[in-house]
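J.: If you scroll down you'll find the structure; I have some questions about it.
The values are calculated or read from the model by the stated rules, or taken from the named source; none is laboratory data. What you see is a predicted model; the values in this text were computed from it and never measured. When we count neighbours, we look across all protein chains shown, and the Cβ atoms used for this are built from the backbone with ideal geometry, even at glycine. Protein only, heavy atoms only, side chains kept; ligands, DNA and RNA dropped before computing areas. Shrake-Rupley method; radii C 1.70, N 1.55, O 1.52, S 1.80 Å.
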Amino acid sequence: MLSRSEASDATNKQGWRFLLGTLRTSVRVTSLTDATTLAARAVDACGADADDHLRIDIRPDRVEFVLQTRKSAAVTSRDVELAHRITTMTEDRTTPAVDAGTRSVQELELAIDAIDIAAIRPFWKAVLGYTDEPGRTGPTDPLVDPIGQGPAIWFQQMTEPRQQRNRIHLDLCVPHDEASARIAEALVVGGRLLSDRRAPSFWILSDAEGNEICVTTWQDRD
């Protein structure tokens, strides 16, 4: 298993970003036919490791590749090797980047504040059809969608009830080198910066009515 900084440093220059225990990159394509062809080539490049490490999101204009060692829910040196294989395979295409009107990869989490996490966790697990994250089965551990469609859910410990504050907020994990621009854009259109005390690990923002979101990165977490 690699640390956050090790995983990021090993792949960042090739266009991959470390987000919430995964490596991600997005490659532009011209059609679904083009996308499926590219996806098949990536599977071939990963060989026998594809099923245990690679996830692919296919769209008409882009293919998003996600790498993670599933049995440990973490990035390992094997994932880095597979990322380099996919990069070599796609090097003739436009390097993934942020252009005007286009964003790169990101990952969304849902955070639920609770006094008694162990009491409410089973409800959210059952009602959403979620499961435990590999290796994390404790009564206060996060929950994940077993088929990867929905955002992960984690529980934030409260010390006392707060009737006038959000009990659920969004956590948006973005590439570490895109966070500042994303925050600046949100502030220009009416958002408020509530706290940057823990930056660059996370910033707390809200809309004009106080609904909160944390913009997070992998930095300062190792």
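J.: So, in the stretch 31-51, of the ones that are closer than 30 Å to ILE153 by Cα and either touching a Cys at 6+ places or on another chain (Cβ under 9 Å) or in contact (Cβ under 8 Å) with a residue 40 or more places away in the chain (or both), which residue ends up surrounded by the fewest Cβ atoms within 10 Å (Cβ to Cβ)?
T.: Filtering first and then ranking leaves ALA42.
J.: To continue, here is another question. Counting just the residues of the stretch 13-30 that are open to solvent by 40 Å² or more (accessible area, probe 1.4 Å) and among the polar types (S, T, N, Q), which one comes out nearest to PRO134 (Cα to Cα)?
T.: Looking at residues that are open to solvent by 40 Å² or more (accessible area, probe 1.4 Å) and among the polar types (S, T, N, Q), I get GLN14.
J.: Would a scan of the stretch 36-53 turn up a residue that is of a type in the set (S, T, N, Q) and either under 26 Å from HIS176 (Cα atoms) or under 18 Å from the mean Cα position of the chain (by Cα) (or both)? Explain how you work it out, then say what you get.
T.: First, pick out the residues of the stretch 36-53 that are of a type in the set (S, T, N, Q): 36-37.
Cutting the leftovers down to either under 26 Å from HIS176 (Cα atoms) or under 18 Å from the mean Cα position of the chain (by Cα) (or both) gives us none.
Checking the stretch 36-53: not a single residue is of a type in the set (S, T, N, Q) and either under 26 Å from HIS176 (Cα atoms) or under 18 Å from the mean Cα position of the chain (by Cα) (or both).
J.: Follow-up. Which numbered condition trips up GLY101, out of (1) modelled with pLDDT of 90 or more; (2) on the phi > 0 side of the Ramachandran plot?
T.: If we test GLY101 against (1) modelled with pLDDT of 90 or more; (2) on the phi > 0 side of the Ramachandran plot, just (1) comes out false.
Residue-wise test of (1) buried (at least 18 other Cβ atoms within 10 Å of the Cβ); (2) assigned to a strand (DSSP E or B).
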| residue | (1), (2) |
| --- | --- |
| GLN156 | no, yes |
| GLU160 | no, no |
| PRO175 | yes, no |
| GLY190 | no, no |
| LEU193 | no, yes |
| ALA208 | no, no |
| VAL215 | yes, yes |
| ASP220 | no, no |
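J.: In the stretch 113-141, what residues are assigned to a helix (DSSP H, G or I) and open to solvent by 70 Å² or more (accessible area, probe 1.4 Å)?
T.: Of the residues in the stretch 113-141, the ones assigned to a helix (DSSP H, G or I) are 117-128.
Answer for the stretch 113-141, where residues must be assigned to a helix (DSSP H, G or I) and open to solvent by 70 Å² or more (accessible area, probe 1.4 Å): PRO122, PHE123, ALA126, VAL127, LEU128.
J.: Now, a different point. Out of ASP79, ASP51, ASP34, ASP57, I need the residue that is farther than 26 Å from GLY135 by Cα and not basic (Lys, Arg). Which one? Break it down into steps so the answer makes sense when it comes.
T.: Working: ASP79 fails: farther than 26 Å from GLY135 by Cα; ASP51 fails: farther than 26 Å from GLY135 by Cα; ASP57 fails: farther than 26 Å from GLY135 by Cα.
None of the other options fit; the residue is ASP34.
J.: Let me ask something else. Given (1) surrounded by fewer than 14 Cβ atoms within 10 Å (Cβ to Cβ); (2) β-branched (Val, Ile, Thr); (3) under 26 Å from THR25 (Cα atoms), identify the lone condition not met by VAL144.
T.: (1)
J.: Output the residue which, of all residues in the stretch 57-86 that are crowded, with 17+ Cβ neighbours inside 10 Å and among the β-branched types (Val, Ile, Thr), is modelled with the lowest pLDDT.
T.: In this case the residue turns out to be VAL63.
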